[in-house]
Each structure stands twice: as structure tokens, then as C-alpha cells.
Amino acid sequence: MDEVVARPAEGIGAARRVAIFGGSFNPPHVSHVLAVTYALSVAPVDAVVVVPVFQHPFAKELVPYEDRLEMCRLALGWIPSVEVSTVERELGGESLTLRTLEHLAAVHPGWSMRLLVGADVLPDLPKWHRFDRIAELAPPLVLGRAGIGSEGGAAHGLSAPEAVLPEVSSTEVRRALAAGDLEAVRWQVPRVVLEYALERGLYGVGRG
């Protein structure tokens with residue numbers, strides 16, 4: 001596959017209020033797309049930087065980074081004021097949110113950062129390395145998600161607003177794809193991402 005070059009969206013270089021949206025994106029789905037567009041529409045941010053995990057800190061099995069990067073570009077790169085970043089590949093090794101934020105803060109001292117997260121990650125916050133420092137660098141911007149409460153965030157003063165994102169699970173998407181049930185994911189995964197996964201034979205689809 002050709003090298004993927006993540007180009008900044010027009011105007012992102014001048015942005016000051018920037019939401020950082022990290023994740024495995026394995027694969028990116030419609031809730032990821034809606035999270036980005038919702039944040040840009042109503043939250044106090046001017047741009048969103050999408051950061052695919054290079055190597056998951058909790059040892060989750062992922063499809064190759066270059067494939068996830070390309071799927072993010074296809075799913076999200078067309079949105080104005082969005083940049084799909086390769087920063088975690090450039091840093092190398094295990095992806096840690098704190099390390100990434102400290103690097104971005106050093107490279108872009110003019111940025112006022114927020115960490116864009118869905119309510120589904122709130123229970124995992126105690127596992128995050130130095131979450132207090134993360135919240136200092138980029139206060140979380142939590143988006144509510146259907147079927148998900150805000151348990152786990154109270155200890156950090158975080159709560160999720162009313163659900164704004166549909167209940168879509170990357171795990172369930174992968175299971176459906178592995179079973180060849182394309183109809184089950186047709187309205188959960190951007191069409192271009194599904195076509196790419198089929199072409200590349202990701203998640204056990206499109207082969208044979």
C-alpha cells in the first residue's frame with residue numbers, strides 16, 4: 001500500500017482551540033464521524049486532530065496501523081478543520097495519551113487543547129497513566145453515547161451529557177465482518193471504510 005500522508009485540513013494551522021480525538025479506530029465507524037462533526041458544531045473547538053493509536057497500551061489486537069490510518073483518512077479526513085495525525089507513529093512504541101499530549105503541547109504551544117472522548121471510556125479512566133496531568137493539559141470533552149452511563153467519571157468530576165452518539169461498537173462491527181454479515185454493519189460503518197476493508201481483506205472479509 002502506498003504511504004499515507006496525513007495533510008492538515010485547511011485552516012487547522014491557525015486553530016487555537018483544538019480537540020484531540022485518539023483511539024484504536026479498529027475500524028472507524030459512524031459514531032466517530034458524528035463525534036467529530038458534533039464537537040465542531042457545538043463545542044468550543046475550532047479543529048479536531050484525529051490520532052490513531054500506534055501500539056495499544058492494553059495489548060489489544062489491532063489491524064495494521066497503516067490500514068487504520070487510511071480508514072481514518074477515508075472516514076474523517078474530508079471534514080473541514082480535521083487533521084488525521086501520524087504523531088503516535090512518529091513517537092513510536094506503546095501509545096500513551098499523556099506522552100502524545102505533552103508532545104503536541106510542546107510542538108504547538110499556541111493550542112488550547114481538549115481531549116474528545118465518548119462516555120464509554122469513563123470507566124477506564126483509572127487505568128490511564130497520570131490522568132490528572134492529562135486533564136490539566138487537555139480537559140476532557142465528554143460526549144454522551146446511547147446505552148452508556150457516566151460511571152467512572154464522577155471521581156474526576158466528569159459526566160456525560162444526554163446521548164448524542166448512537167450505540168455502535170467496533171467490537172461488534174468486527175464480529176459481524178468476520179461472520180460475513182455485511183448487512184449488519186452497512187449503517188454503522190462509513191461506506192468508504194467498508195469498501196476499503198473488503199478490498200484489503202481486513203477482519204476476515206473479502207477473502208477467498
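The values are calculated or read from the model by the stated rules, or taken from the named source; none is laboratory data. The structure presented is a predicted model; accordingly, all values stated were derived computationally and were not measured. Because the Cβ atoms are built from the backbone with ideal geometry, glycine has one as well, and the counts that use them run over all protein chains shown.
Count of the stretch 24-42 residues, restricted to those that are in contact with a strand residue (DSSP E or B) (Cβ under 6 Å, 6 or more places away or on another chain) and assigned to a loop (DSSP other than H, G, I, E, B), is 1. For the stretch 113-132, taking the residues that are farther than 25 Å from residue 168 by Cβ and either surrounded by fewer than 14 Cβ atoms within 10 Å (Cβ to Cβ) or under 17 Å from the mean Cα position of the chain (by Cα) (or both), the one that is modelled with the highest pLDDT is identified as 113. Of 68, 7, all but one fail to be modelled with pLDDT under 95 and among the basic types (Lys, Arg); the exception is 7. If you go through the stretch 165-204 and pick out every residue that is touching a residue at least 40 places away in the same chain (Cβ under 8 Å) and more than 19 Å from the chain's Cα centre (by Cα), you end up with 1.
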